[in-house]
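Presented below is the structure to which this report refers.
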Amino acid sequence: MRKWLCLLILACLLLCACGKENVPETESATTEVETTQTVETKQTETETVTETTTAEVISQETETTEAEPISVKEAEHLGILVTRVMDWNYDDTYEMITTNVSYDQIHLSERSQKYEGLEKAFVALNQAAEKTIHEFQDGSADEMLESEETRQFLPFYEHARVYVKRADDRFVSLLLTDTSYAGGMHEFKAWSGYVYDTQSGKQLTLDDVFTSRSLLVQLLQEELLANYDEDLFFMDHIDESVEEYLEESASFTLDPDGATFYFNPYELGPYASGAFEVKLYYDKYPKAFVRNDFASAGDYTIQVAEDEALRFRDGSGKEKCLEVYGTPGVDMYDQTELTLMLDDVAVKTGQYGYSSESYLMHTNDGKNSLVCCITMDNDYGMIYVFDLDGARPELVCTVDGAHFDRMETDEQMDGMLPTDPEKFALLRRCDLLSTYSYREPVGLQDGKIVSQGKVFEIVRYQEEPLVLKQEMSFSVVNENYQETTKEVFTKGTKLFFDKTNGVDLVYFTLEDGRKVQVQVTATDWPMRVNGIDAEDVFEQMFFAG
């Protein structure tokens, strides 16, 4: 009996072993990291199938096999600081500006400086930008002064900008644009993409991200022809143009939802055709990527570059194309009105300004919003929020007298970019007792900007303390800015600026460390404190206007 049972168990084991030999391996076991050779072999096979695109082949394979799911991970948002440096050459002989240049410098904020390798990479990028801009400035200034003809035109200029496409604890991706004019009939604009591993600071190459260049040629060519008119390309050899582009000048960013390739003028078509962009979504083309975890889960922001055709998916999964640009004002020489183009639908803000800054913000509830800031006369700002998930962009809310968190001086602008859509900062206009602006933490909720506090840090104000001209009664507050007692303060008491609610309260610190609350009536002029003209209460006040 025991011998028969042993023989039965042995037979079962042999049967299972034979069965395993005949069961094909699943795709998840064999294609976690597919080799270039395997991809090229499959590519050759698809070329023999008539009227079937690479995208369709990949889609069919995904449907018929048990593909490994795209892995996503909640990411920590990085603090990114950008400084804009502006300069120009001025010639006294002809009383003219010969060259006008500006360039962005990028750094990590204090809370993200633990990524030392990434900060070193930023320093190298900044040095390269500064060197390039100064070489242009020196060379073009001499050339312009030597030529009588060029003096009839606008000054030579070059402006280098940094746009943050992704900033989390896994990857940082930047789009650099360079707009220049050095004589001739038109300016020239070039686009460059950079991708960094956040942990190490290493810059990632094509081969670090994509499985096969030959597969990329097919995918890029098909996406280009699907999204642009054929007449825009050098059609006789578009495949050769794409191959050459990948070999010599490939430029891409690693966005939260896919990789975007940027083609500069002349690379695929004449200058009049402009630049081209192709987006390869991680989940649409999983076999194009060496890893299945490039996607970012949860919320994120993508900074929208000027003249960019940004592709994204709305809440229903439909792909849309977004462009944000300025259009000249009717009676204003150098001011613009912000225009938002979503596919074929255009919406204008109706507000003119000198500059604009825009972000696509994707929140955890799946909503996609465009948050724009226009800077107007006297440094006045307006924030607009548009819902991008409907058939047309809808204005959801506006914030009056606000900028993104950028401090301004005469020669540069510094500020932390809003990399986290559910927690970022605005600089709010504040004209209360010699204050100018305060920093307000906000976030997007249900597509609207919602404040995340009631008492805010004053960031621009009169440097000297206010001094009482007469005896006054103020409320003393605790560390939570709640009223405790009311006291009378004598003439000559110094009040140092601390915080504000932005509406009618300013909080000051006294020389002994205590804090007081001063209520302001600012609905009419003059501004009043305890019913008295503020200028009769304090010495040396100024008003922001």
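Here, each number is a calculation from the coordinates, and none is a lab measurement. Because the structure is predicted, anything quoted here is derived from the model rather than measured. Here the Cβ positions follow ideal geometry from the backbone for every residue, glycine too, while neighbour counts run over all protein chains shown.
Using 0.36 nm per residue of separation minus the Cα-Cα distance, give me the extension gain between residue 316 and residue 114 in nm, one decimal.
On the way: separation 202, 0.36 × 202 = 72.72 nm, distance 3.78 nm.
Stretched fully, the residue 316-residue 114 segment lengthens by 68.9 nm.
Set the Förster radius R0 to 56 Å, insert the Cβ-Cβ distance between residue 283 and residue 377 as r into 1/(1 + (r/R0)^6), and round the FRET efficiency to 0.05. All intermediate terms of the calculation are to be shown ahead of the outcome.
Values: r = 46 Å, r/R0 = 0.82.
With a Förster radius of 56 Å, E is 0.75.
From the mean inverse distance of alpha carbon pairs (Kirkwood) and the Cα radius of gyration, derive Rg over Rh for region 252-357.
So for region 252-357, dividing Rg by the Kirkwood Rh gives 1.03.
Once you keep just the Cα pairs under 8 angstrom separated by 6 or more residues, what percentage relative contact order results for region 465-539?
Result for region 465-539 is 29 percent.
With θ set to phi - 60°, apply the Karplus curve 6.51 cos²θ - 1.76 cosθ + 1.60 along region 445-453 and write out the HN-Hα couplings as whole Hz, x wherever there is a Gly or Pro.
9, 6, x, 10, 7, 10, 5, 10, x
By counting other Cβ atoms within 10 Å of each Cβ, how are 205, 211, 500, 177 ranked from fewest to most?
Values: 205 11, 211 23, 500 27, 177 20.
In increasing order of surrounding Cβ atoms, one gets 205, 177, 211, 500.
List the lysines whose Cα sits under 20 Å from the Cα of residue 287, skipping any in the same chain fewer than 8 residues away.
42, 73, 279
Given a Förster distance of 25 Å, report the FRET efficiency between residue 478 and residue 542 from their Cβ-Cβ distance, rounded to the nearest 0.05.
With a Förster radius of 25 Å, E is 0.25.
Please enumerate, by chain and number, the lysines with C-alpha under 22 Å from the C-alpha of residue 120, excluding those fewer than 8 residues away in the same chain.
131, 165, 202
State the extension gain, in nm to one decimal, for the chain segment bounded by residue 232 and residue 327, taking 0.36 nm per residue of separation less the distance between their alpha-carbons.
Roughly 31.8 nm would be gained on extension.
Equivalent-ellipsoid semi-axes (√(5λ), Cα gyration tensor) for region 465-539, whole Å, largest first?
Ellipsoid half-lengths, sorted descending, are 18, 15, 11 Å.
Going by amide H atoms built from the backbone, whose H comes under 5 Å of the H on residue 434, apart from near neighbours?
For residue 434, whose amide H was placed from the backbone, the distant partners under 5 Å are 542, 544.
How do 185, 341, 416 line up, fewest other C-beta atoms within 10 Å first? Write out the running numbers ahead of the final one.
Values: 185 5, 341 15, 416 22.
Ordered from fewest to most neighbouring Cβ atoms within 10 Å, 185, 341, 416 come out as 185, 341, 416.
Restricting to Cα pairs below 8 Å that are 6+ residues apart, what does the relative contact order work out to for region 400-545? Please round to a whole percent.
The normalised contact order for region 400-545 reaches 19 percent.
Given R₀ = 41 Å, FRET efficiency for residue 400-residue 239 by Cβ-Cβ distance, to 0.05?
For R0 = 41 Å, the calculated efficiency reads 0.20.
Test of understanding: ordering 208, 283 by Cβ neighbours within 10 Å, fewest first, what list do you get?
208, 283
Sequence-distant or interchain residues sharing an amide H contact under 5 Å with residue 307, placed H: which?
So residue 307 has HN proximity to 324.
Strictly over 27 Å apart at the Cα level, which of 423/494; 189/320; 469/499; 189/284 would you flag in this model?
423/494; 189/284
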